[in-house]
Amino acid sequence: MLAFSAFRRLFCILLIINAIHAKAQTVPAQSNTPPAPPSAAPSPAPDQKTPADTTRTRSWSLHFQQTVITQWHANFSAPYTGEYSLRPRESAKTSLTSTVFIGRRLWRGASIYFNPELAGGSGLSAARGIAGFTNGETFRIGDPAPKLYLARLFLRQVWALDASTTPTDDAPNQIAGAAPTRFFALNVGKFSLSDYFDQNSYSHDPRSQFLNWGLMSNGAWDYPANTRGYTVGAVGEYVTPSFALRAATSLVPLEANGPILNKHYHTAHSETLELSRTYAVGGRAGTVRMLGFRTVADMGDYHLAMLRDDRDITATRVNGRTKTGFGLNAEQELTEQIGAFARLSYNDGRRETWAFTEIDRSLSAGLSSTGATWQRPDDRLGLAVVGNGLSTAHRDYLAAGGHGFIIGDGRLTYAPEMIAEAYYSLNFPKQHATVSPDYQFVLHPAYNRDRGPVHVVAVRLHVAF
């Protein structure tokens, strides 16, 4: 309830800011204002002229995506292998996701979005054995048969804080029109928190950018979600052209990485807060994002699990345990063709990982380039590295034979998990498709110096229209 009260106070503060802005304005706000996307690029200054709005009457948005990823790794050295290890030898694995994005404008500033999704297939070793797993489109689900489920269903209400607007394109979960440059928004329903937080222009979407889990998000942000990556909650946004403040409260899984969300919000919930600041260096745009989170759930304790003969961390679960952490996320345009990014994240690592993956510290950096230099301006080339680490309690637990839901070799000679990834995305605009070969080098998979290294290759087909 304390978390709910804090979120309610923040909501009231933002409404007061809205009222102050509205009173100070002599020009009424633009009517029929559609929402701005969570990952919108820096908006133009309020006094900058924008093109005439030719899409004001657009009421619907309809889009589709399908992503197929086939991944394989070469045989590697492994003197021992546990139930939660990456298999030293296995056949290629394929994952599939198909999503329909339906949006409908309701009333002034309001819209509703509905995303049915079909997912199937499997990750390498059932998505186990590497903390920074190699396929961001696969889930830790035993049955590879495709399943249809509800990915998102949420209401978005936007309140303009002045009369300045900027045109927005029709896109997934975004209806074209004139959007305010300064606004407060409230999103309520089912969605993924990564739709709003930890955005990055060069490293965020495994359907079109890097595949690795440690590159699509801050690795140590144990963001609340069910097995497929979605939660139910509310996100408040206060956005201006130069900075944005976002706050969320949401449900967490009933058990670690489980498919069912815990509806007992008073004893299990998660709060996320992020401040984003845009800037320019030498005329080149950049953004810095600072994120903090606190999760309350029935988490087990690594130290207490060490005292048990069976190392069963589930037997140490108690209501009301917390996990806290932070993340830093930066992106910088270097030239018209090349951009750079970096992330740094940390969590306290005392209690078991509850939702995302078993990373307690993470540092990543990389570059992304268009293919303009070789006359392929729609293509993308990406190069990145990420290093992941564990808290002392977490590593001691794994060394004693424990396991989480992603990793656990039965033994452990600890070393940071180091991963390098390179991809090239061939874009075919007329076919609305991209084909992306991908290579990842994994040193010390699951933080184990005794196993690996692992060479992973993949081919991704992505269709979107």
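The table below gives the values:
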quantity	calculated
Meets criteria (touching a Phe, Trp or Tyr at 6+ places or on another chain (Cβ under 6 Å), surrounded by fewer than 17 Cβ atoms within 10 Å (Cβ to Cβ) and touching a residue at least 12 places away in the same chain (Cβ under 8 Å)) for Gly320	no
Subset of segment 371-385 (residues that are surrounded by fewer than 20 Cβ atoms within 10 Å (Cβ to Cβ) and either of a type in the set (A, V, I, L, M) or in a loop (DSSP other than H, G, I, E, B) (or both))	Ala372, Gln375, Leu381, Leu383, Val385
Every residue from segment 435-465 that is touching a residue at least 60 places away in the same chain (Cβ under 8 Å) and in a loop (DSSP other than H, G, I, E, B)	Asp450, Arg451, Gly452, Pro453, Phe465
Of all residues in segment 60-77 being in a loop (DSSP other than H, G, I, E, B) and in contact with a strand residue (DSSP E or B) (Cβ under 9 Å, 6 or more places away or on another chain), the one that is farthest from Asn173 (Cα to Cα)	Phe76
Among (1) of a type outside the set (Asp, Glu); (2) outside any strand (DSSP E or B); (3) touching a Pro at 6+ places or on another chain (Cβ under 8 Å); (4) at pLDDT 95 or above, the one test that Asn388 misses	(2)
Per-region count, segment 89-127, residues farther than 15 Å from Val457 by Cα and of a type in the set (D, E, K, R)	4
Hits in segment 253-294 - residues which are more than 17 Å from Arg343 (Cβ to Cβ) and acidic (Asp, Glu)	Glu255, Glu271
Tally of residues being assigned to a loop (DSSP other than H, G, I, E, B), in contact with a strand residue (DSSP E or B) (Cβ under 6 Å, 6 or more places away or on another chain) and closer than 21 Å to Asn347 by Cα across segment 231-260	2
Residue check, His403 assigned to a helix (DSSP H, G or I) and surrounded by 19 or more Cβ atoms within 10 Å (Cβ to Cβ)	no
Residues of segment 166-175 that turn out to be outside any strand (DSSP E or B), in contact with a strand residue (DSSP E or B) (Cβ under 7 Å, 6 or more places away or on another chain) and surrounded by fewer than 21 Cβ atoms within 10 Å (Cβ to Cβ), as a count	2
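The values are calculated or read from the model by the stated rules, or taken from the named source; none is laboratory data. As the structure is a prediction and not an experimental result, all values here were calculated from the model. Don't worry about glycine lacking a Cβ; one is built from the backbone with ideal geometry, like all the others, and counts go over all protein chains shown.
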